[in-house]
Amino acid sequence: MAAAAEGRKQQEARGVRKRKDPPSHDETIAADEEEQRQPQQQQEGRNRRRKPKTCFIYGNYKSYYSYRIDRNVKEDPRLALFKREWFEGKDCLDIGCNEGLITISIAKTFFCQSILGIDIDAGLVETAYWNLRKSARMKRGNCTSMEASRIQDSECVNPLNTNADPASNGKPSSSQTSLPVDELLKRVSFRHENFVGSLRECSEKYDTVLCLSVAKWVHLNWGDDGLINMFVKIWRLLRPGGILLLEAQPWSSYKRNQNVSATARAHFKSICLRPHNFRELLLDKVGFRSAEVITNSLSGTVVGFDRPIVMFCK
């Protein structure tokens, strides 16, 4: 009996130790506030983790070529359509050059006398210069890894190629397949510029102008007047006999991008000139004397980028 009584006393003592006093009023309020703060803090954390969506109102996409060109294709398929005589020994302009990859490829492949790439996005111009330096480093590395020091001396060190004809004025010999490193760095340049602007001080200085998948963005941001100004400026910058290579986006592409900005929405509603009118505009109004379709569709590009390319001659 005594043992049982002693056991009950010990259990009661343990129960007393386990029992807690009820929370005070202040403690209850603090707990409620903490419970309310937790969902708010969780939402703030999600907002910090969620990156803001970037809107490229000028078509100034980052890594544009990576999703335009089929991954199984080694180079931009447009290069296969271009002819050497359009670029070799010529002064060229690439409007809306983006990261400069096709600008650099044209210089390396077709031996331009000079080629300037311009873009409205300063960040893309900086990337274009980075790509140019990278291309030069890779080419220099390829040269120095060749077994014959003659190749290093003639193609990597001496940009004029001592084996070339003295009357060639530094033009590459027919045996060369790409532009020497020093010449590449000298002939290719990039500039941050909004091409659609004043027509003053436009003088003939280029033989070839490229306007590849740019017209839509000019159209949506500056309307019909901006597009006409761009075409007139190109015509004025071209020397007699010079050419414009125009790759225009279809009207369906306009529709998909009309909501990138309030300006684009407004201009989209007021556009009278459609892409199918560009040929007539350039020939009858701007002053180009002929037009030739280079291609109606382009293999090697992802769906939506197989656009027609037309050559207009001044």
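Read-outs throughout are calculated quantities, based only on the coordinates presented, and are distinct from any laboratory measurement. Note that the coordinates shown come from a computational prediction; the quantities given were computed from them, not determined experimentally. Heads up, the Cβs are rebuilt from the backbone with ideal geometry, glycines too, and the neighbour counts pull from every protein chain shown.
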Applied in sequence order to region 209-215, the curve 6.51 cos²θ - 1.76 cosθ + 1.60 (Karplus, θ = phi - 60°) yields integer Hz couplings, x standing for Gly and Pro, of 10, 9, 9, 9, 6, 10, 4
Given 210-216, 108-114, 260-266, 282-288, the highest-first ranking by average Cβ count within 10 Å works out to 210-216, 108-114, 282-288, 260-266
Violations at 29 Å Cα threshold for listed pairs K90/K134; K233/K255; K83/K139; K134/K255; K205/K285 -> K134/K255
Full extension between A80 and V232 adds, at 0.36 nm per residue less the Cα distance, a length in nm of 51.9 nm
